[in-house]
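Quick note: the coordinates plus some simple rules give every number you see, no bench work behind them. Note that the structure is a prediction, hence the values are computed from the model and not measured. Counting neighbours? That spans all protein chains shown, and the Cβs are built from the backbone with ideal geometry, glycine included.
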Amino acid sequence: MSNVAPILFVFVDGLGLGSSDPDVNPLADKQKFPNLGKLLAHSVPFDASLGVPGLPQSATGQAALLTGLNAPALIGRHIEGFPPPRLKELVQEHNIFSKLLAVGKTCTFANAYWLDDVAHIPARRASVTTVATLTAFGGVRGKADLLANRAVYHDLTREKLRDRGYDGPLITPEEAADHLIGLANEHDFTLFEFFQTDHAGHSGDPEHISQTLEKLDRFFGVLFRFDGVLIVTSDHGNIEDISVRTHTANPVPLFVSGQTSLAAVKRIDQLVPAILRLIAR
Ligand SMILES: [Zn+2]
């Protein structure tokens, strides 16, 4: 561990800064989602388009967030979903985990994978975070870590794991936040990925959107107590505009607690260099 406070980076897929009209933007309802309201009120706008035409997408956006490179400009367009080979190579070569390990810092990806063996991750459906994690650590947090509360499932409560044979207890979003804080306190840098916001946005289903945001709101209620530097941002907008089911061109929020120099960055590809400057001091 370094002398700098530990950094917890919570990546929320498909969360933009949108209208103040609750009929368009469910996040504008501050009474329903007080913690998300607080998060957004203390965020600065962060550019996810990176000067490349078209709507920003997940594969290139996440690559930019985790490598500090303008991935869509380098590849020539915004690419959705899972990274193709060229983008994968960029992530393998330039991801933040490998950069931190190279300067002697500790880091981890807190998400749990419901498997015993990393060989079971299908290569074609490996997300940017999975590629970065496998490259840097040669493995992921699996079943045993989850059962010991040393990993957080992407849906926070483990409900989605029921379909996959998990018969352990469901947990609350608050408990998931406690588990995440526990891991973050043991590492210089911890990443957690929440992508149900993007799925809910694409579904266009108001009930699904509302339930997803409520869960996330409760999660942040506890995460705000984290003593280190909490960073929250996204790869593109989506859930903040229920009038469309696609991504949006809105800026995404950048929330940073405990350290103000990071909040001066303007674009999603500037975050990794800023984190490295902060943490490698
Ligand atoms: Zn995305």
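Worth pointing out:
- Cut-off 17 Å, label 7 Å out along Cα→Cβ of ARG150, residues of the range 115-136 by amide N: 115-118
- The amide H of ARG150, built 1.01 Å from its N in the peptide plane, has no neighbour under 5 Å, considering only residues 5 or more places off or on other chains.
- Dipole check for the range 7-279: with +1 at the C-beta of Lys and Arg, -1 at the C-beta of Asp and Glu, and the Cα centre as origin, the magnitude is about 620 Debye.
- Listed residue (ILE75, PRO173, THR129) projecting farthest to the positive dipole end of the chain, Cβ model: ILE75
- Distances between placed amide hydrogens fall under 5 Å for GLY237 paired with THR248, ASN250, all partners being 5 or more residues away or on another chain.
- Computed from point charges on the beta carbon alone (+1 for Lys and Arg, -1 for Asp and Glu), the dipole magnitude for the range 122-281 about its Cα centre is near 540 Debye.
- Prolate/oblate/rounded label for the range 1-52 (Cα gyration tensor, a/c 1.5): oblate
- Pairs from LYS38/LYS160; LYS105/LYS266; LYS105/LYS143; LYS30/LYS143; LYS160/LYS266 whose Cα-Cα separation, in the structure shown, is over 32 Å: LYS30/LYS143; LYS160/LYS266
- The range 91-220: relative contact order in percent, alpha carbon pairs under 8 Å with at least 6 residues between: 28 percent
- Prolate/oblate/rounded label for the chain (Cα gyration tensor, a/c 1.5): rounded
- Using the Cβ-Cβ distance between ARG225 and LYS30 with R0 set to 22 Å, the FRET efficiency from 1/(1 + (r/R0)^6) comes to roughly 0.65.
- For the pair ALA280 and HIS42, a Förster radius of 25 Å applied to the C-beta separation gives a FRET efficiency near 0.45, rounded to the nearest 0.05.
- Computed from phi, the 3J(HN,Hα) profile of the range 91-100 under the Karplus parametrisation 6.51, -1.76, 1.60 (θ = phi - 60°) reads 5, 4, 7, 10, 5, 5, 4, 4, 5, 5 Hz, with x in place of Gly and Pro.
- Cα→Cβ-extended label distance, 7 Å offset, between ALA102 and ARG124, nm: 3.2 nm
- Counting charges near LEU15 (Lys, Arg +1; Asp, Glu -1) among other residues having Cβ under 10 Å from its Cβ returns a value of -4.
- Rounded to the nearest 5, the antiparallel percentage of DSSP beta bridges internal to the range 7-279 is 25%.
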